[in-house]
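Just below is one structure, and these are the notes that go with it.
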Amino acid sequence: MSVGFIGAGQLAYALARGFTAAGVIATHKITASSPDTGLPTVTGLRKLGVNFTTSNKETVKNSDVLFLAVKPHIIPFVLDEIGPDIENRHLVVSCAAGVTIQSIEKKLSLCHLAPKVMRCMTNTPVVVREGATVYATGTHAKVEDSMLLEQLMASVGFCIEVEEDLIDAVTGLSGSGPAYAFTALDALADGGVKMGLPRRLALRLGAQALLGAAKMVLDSEQHPGQLKDNVCSPGGATIHALHVMESGGFRSLLINAVETSCIRTRELQCLADQEKISPAAIKKTTLDKVLQESTSFGVKGRISLLNSKGTNSKN
C-alpha cells in the first residue's frame with residue numbers, strides 16, 4: 001500500500017509523521033505534492049524521507065490511498081486536474097472541511113464510473129498519535145476500504161465511523177479543538193507567569209494538568225462535572241476560581257466557538273460548490289486550469305481581479 005497527500009501543509013505533515021511513527025507505512029511509500037516548495041512542512045516531509053513533488057498527477061500515480069489535504073475551495077480544481085488519473089485501485093479520502101462526499105463523487109464521476117470516496121475529519125494531534133478522527137463512507141467505497149482507512153487513522157489516535165451529516169459538528173468540536181486547548185494553555189501559563197512562575201515551568205504544569213484531566217475523563221466513567229466537583233473543596237481556591245470563569249462566560253464561549261466553527265464549515269462547502277477562487281488561492285496554486293476554467297469570474301472579472309491585486313500592491 002502507498003499513501004499520497006495532495007497538499008503538503010500541517011495536516012499532511014502531521015499524518016505522515018504519525019503514520020511512520022506508528023509503523024503502518026514506510027516513508028518511501030508516501031508521496032506529497034504542493035506548488036509551494038518553501039513551506040516549512042515541505043522541509044519537514046523531506047526530512048522524514050517522504051517523496052515530494054509539485055505535480056498532483058505524480059502523487060496520484062504513486063498512491064493507492066489519496067488524501068485531499070487542501071483548502072475546501074481548492075478541491076474542485078484539484079479534482080478537475082486529477083480526475084482522469086483516478087483508477088479502480090484508488091481510495092480518495094477528503095480531509096477538507098465542509099466538502100461533501102456527493103460533491104467529490106459528482107466531479108470524479110465525469111472521468112470514472114464508480115470512484116471510491118471517503119470523507120474524514122481529523123486533527124493535528126495525530127502527529128503524536130493522539131488524534132481524534134471520524135470518517136464517512138461514500139457510495140462506491142467497500143467494507144475493506146473502510147477497514148483500510150480505519151487501520152491507518154486508528155494508528156494515530158481514536159477513530160470511528162459516523163454518518164456524514166455529523167462531520168461538520170465534529171469539525172467544530174475536535175477538528176478545531178486543539179486550537180481551543182492551545183489557547184487555554186497559553187492563558188493558563190500567562191496566569192502562572194503573572195503569579196511568579198517561570199514561563200517554561202508554567203507551560204509544562206498547564207500542559208500536564210490538561211493532559212491528566214483529559215486522561216481521567218477517558219479512563220473514568222464519571223461525568224466531567226463530577227470530576228470537576230472532586231477538585232473543589234467547600235470555600236476553597238478552586239471554586240472561587242471557577243466562579244470567576246463562570247462570570248466571564250467561559251462555558252458559553254466554548255459552546256459558541258464550536259457552533260461558529262461548524263457554521264463556517266458549512267459556508268466553506270458553499271464556496272467549494274460555487275467554485276470561486278480568491279486572489280490568495282490563485283497565488284498559492286499552480287493548477288493551470290484555475291484561471292482558465294473558473295466559471296465564477298469571467299474574462300473581465302479575472303482581469304479586474306488581477307488589476308486590483310496590482311493596485312493593492314502599490315499602496
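I want to confirm something. Restricting to the range 100-134 and keeping residues that are under 18 Å from the mean Cα position of the chain (by Cα) and among the small types (Gly, Ala, Ser), which single residue is surrounded by the fewest Cβ atoms within 10 Å (Cβ to Cβ)?
My answer is Ala132.
Could you say whether any residue in the range 15-38 is assigned to a loop (DSSP other than H, G, I, E, B), touching a residue at least 40 places away in the same chain (Cβ under 8 Å), β-branched (Val, Ile, Thr) and touching a Leu at 6+ places or on another chain (Cβ under 7 Å)?
yes
Looking at this structure, is Ala189 at negative phi, free of Cβ contacts under 8 Å to residues at least 24 places away in the same chain and surrounded by 13 or more Cβ atoms within 10 Å (Cβ to Cβ)?
In short, yes.
Of everything in the range 81-124, what is in contact (Cβ under 8 Å) with a residue 60 or more places away in the chain, of a type outside the set (Gly, Ala, Ser) and not in a loop (DSSP other than H, G, I, E, B)? Give them in sequence order.
Across the range 81-124, the qualifying residues are Glu81, Ile82, Ile101, Thr124.
Just one of (1) touching a Lys or Arg at 6+ places or on another chain (Cβ under 7 Å); (2) surrounded by fewer than 24 Cβ atoms within 10 Å (Cβ to Cβ); (3) among the β-branched types (Val, Ile, Thr) trips up Val65, so point out which.
Of everything listed in (1) touching a Lys or Arg at 6+ places or on another chain (Cβ under 7 Å); (2) surrounded by fewer than 24 Cβ atoms within 10 Å (Cβ to Cβ); (3) among the β-branched types (Val, Ile, Thr), Val65 misses just condition (1).
Between Thr37, Thr31, which is at pLDDT 95 or above and among the polar types (S, T, N, Q)?
Only one candidate passes the filter, namely Thr31.
From the list Gly44, Gly49, Gly9, which residue is in contact (Cβ under 8 Å) with a residue 12 or more places away in the chain, surrounded by fewer than 24 Cβ atoms within 10 Å (Cβ to Cβ) and on the phi > 0 side of the Ramachandran plot?
Only one candidate passes the filter, namely Gly49.
Residue check, Thr137 against (1) more than 28 Å from Thr260 (Cα to Cα); (2) surrounded by fewer than 23 Cβ atoms within 10 Å (Cβ to Cβ), all met but one. Which one?
Thr137 satisfies all of (1) more than 28 Å from Thr260 (Cα to Cα); (2) surrounded by fewer than 23 Cβ atoms within 10 Å (Cβ to Cβ) except (1).
Return the residue satisfying two criteria in turn: it lies in the range 81-99 and is small (Gly, Ala, Ser) and open to solvent by less than 10 Å² (accessible area, probe 1.4 Å), and of such residues it is nearest to Asp145 (Cα to Cα).
Ser94
Determine whether the range 155-169 contains at least one residue that is open to solvent by 60 Å² or more (accessible area, probe 1.4 Å), within 26 Å of Val60 (Cα to Cα) and polar (S, T, N, Q).
no
State all residues of the range 195-221 that are over 18 Å from Glu130 (Cβ atoms) and at pLDDT below 95; if no residue qualifies, say none.
Glu221, the sole residue that qualifies.
Can you pull out every residue in the range 9-28 that is within 15 Å of the chain's Cα centre (by Cα) and farther than 20 Å from Ala179 by Cα?
Selection gives Ala16 alone.
The values are calculated or read from the model by the stated rules, or taken from the named source; none is laboratory data. These numbers were taken from a predicted model, which means no experiment stands behind them. Here Cβ is always computed from backbone atoms with ideal geometry, including for glycine, and neighbour counts include all displayed protein chains. Note: accessible area is taken over every heavy atom of the protein model, side chains too, but ligands, DNA and RNA are not part of it. Shrake-Rupley method; radii C 1.70, N 1.55, O 1.52, S 1.80 Å.
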